[in-house]
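Working notes, beginning with the structure itself.
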Amino acid sequence: MDANQGEIVKALRAVGATVQSVAAVGKGCPDILIGWRGANLLAEIKDGKKPPSSRKLTPLESEWHKAWAGQVAIVKDVDEALALLD
């Protein structure tokens, strides 16, 4: 879990989104599932305070993202996470 995950989850919940951690699924699956106004959104959380090389997707995450036919986003901070809701 990235250090900013708790902050991002708290901010999403504060505006009324529901958030479920799905990181335990593993195999490259994104970190959180967000419910917002009848839509489901997937987000992989990376720590924006880390250097770019540390924010790269792992090989399993890259494979998962390429294979997924639906929406998935990478967010590095609260602002990016909240922007998903627009």
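The values are calculated or read from the model by the stated rules, or taken from the named source; none is laboratory data. Remember, predicted model here, so these are calculated numbers, not experimental data. For neighbour counting, all protein chains shown are included, and Cβ atoms are generated from backbone atoms with ideal geometry for every residue, glycine included. Protein only, heavy atoms only, side chains kept; ligands, DNA and RNA dropped before computing areas. Shrake-Rupley method; radii C 1.70, N 1.55, O 1.52, S 1.80 Å.
Per-residue ellipticity at 222 nm, computed for the chain from helices alone with -39500 (n - 2.57) per DSSP H run of at least four residues, works out to -8000 deg cm²/dmol. Put a plus charge on the Cβ of each Lys and Arg, a minus charge on the Cβ of each Asp and Glu, and nothing anywhere else: the dipole of the chain about its Cα centre is then about 80 debye. When a 1.4 Å probe is rolled over the protein heavy atoms, the share of accessible surface on the chain that falls to carbon and sulfur comes to 55 percent.
Dividing the mean sequence gap of close Cα pairs (under 8 Å, 6+ apart) by how many residues the chain holds gives a relative contact order of 30 percent. Less than 5 angstrom separates the built amide H of ALA73 from those of LEU42, ALA43, GLU44, all sequence-distant by 5 or more or on a different chain.
DSSP assigns beta bridges within the chain; of those with both partners inside it, close to 75 percent run antiparallel. 3J(HN,Hα) along the stretch 29-37, derived from phi through the Karplus expression 6.51 cos²θ - 1.76 cosθ + 1.60 where θ = phi - 60°, amounts to 4, x, 6, 9, 10, 10, x, 8, 6 Hz, with x in place of Gly and Pro. Average projection, convex hull of the Cα set of the stretch 39-86: 3.7 square nanometres. The calculated Kirkwood hydrodynamic radius for the chain is 13.0 Å, given to one decimal from all distinct C-alpha pairs.
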